[in-house]
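One structure is given below, encoded as structure tokens.
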Amino acid sequence: MLLWVLAVLLLLFSGLDVWYFLRAAAVVLRAWFQTPVWDVLAEQSVGGRVLPHDVDMGHMNNARYLRECDFARFSLYTRNGVFKATRVLGATLVVGASTIRYRRALSLGEAFELRSRIVAWDDKSFYLEQRFVSCADGVVSAVMLCRQNVIRSTPDKILQFLCKRKVESPEYPEDLQHWLSFITASSQALRAESSMEEKNK
């Protein structure tokens with residue numbers, strides 16, 4: 001029996017990122033028992049520290065930045081009710097695109113806060129800003145912008161479910177506008193390139 005258990009564990013750990021799913025479950029469970037945040041647009045903070053296995057060349061690696069942003073979004077959506085609304089409405093949230101602008105590296109052992117908030121939305125997606133702020137000097141070390149696509153529903157329906165009224169989107173921040181313009185231009189260029197390849201065939 002012990003050999004079967006070890007074999008199953010070996011199969012799980014070799015085929016799946018088990019620690020990711022365990023931590024995600026722990027983050028959601030912890031947020032569930034914290035005080036709800038009634039303001040859907042409010043900024044929420046979670047803490048972290050750069051650990052030895054997160055370090056490349058003396059600073060936190062890109063994979064850790066992305067994972068921390070995932071877990072911070074899970075906490076944000078659990079506390080502000082977005083996860084509850086998507087469950088009731090039968091919707092799903094999927095990351096459609098993201099980008100990170102690095103300003104200063106986080107070093108080994110350095111503590112940081114990850115501050116996340118919904119900054120705007122359209123008829124298909126929420127747009128989030130997530131900032132890594134050093135606890136040592138308050139410097140913003142990196143900023144992530146994320147487009148969270150809503151499947152089988154809309155951001156407007158989710159917000160109406162939570163707020164019991166229609167909520168207008170704030171104006172798009174300048175950084176978000178530039179990023180969305182870049183995505184649009186890139187998509188158009190790829191479509192044009194694909195069309196040219198099809199014509200050449």
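The values are calculated or read from the model by the stated rules, or taken from the named source; none is laboratory data. In this text, all values refer to a predicted model and were calculated from it rather than measured experimentally. Glycine gets a Cβ as well: all are built from the backbone with ideal geometry, and neighbour counts include every protein chain shown. For accessibility, only protein heavy atoms count, side chains too; no ligands or nucleic acids. Shrake-Rupley method; radii C 1.70, N 1.55, O 1.52, S 1.80 Å.
Quick notes on this structure:
- Residues that are at pLDDT below 90, of a type in the set (Asp, Glu) and open to solvent by 70 Å² or more (accessible area, probe 1.4 Å) are absent from the range 117-136.
- When the range 144-191 is limited to residues that are modelled with pLDDT under 90 and of a type in the set (Lys, Arg), the one that is surrounded by the most Cβ atoms within 10 Å (Cβ to Cβ) turns out to be 191.
- Identity of the residue in the range 48-66, under 15 Å from the mean Cα position of the chain (by Cα) and open to solvent by 50 Å² or more (accessible area, probe 1.4 Å), that ends up nearest to residue 105 (Cα to Cα): 62
- Taking the range 26-59 as the range and being under 30 Å from residue 163 (Cα atoms) and charged (D, E, K, R) as the test, the residues that pass are 30, 39, 43.
- Within the span defined as the range 25-38, one or more residues are more than 28 Å from residue 157 (Cβ to Cβ), loosely packed, with under 15 Cβ neighbours inside 10 Å and not acidic (Asp, Glu).
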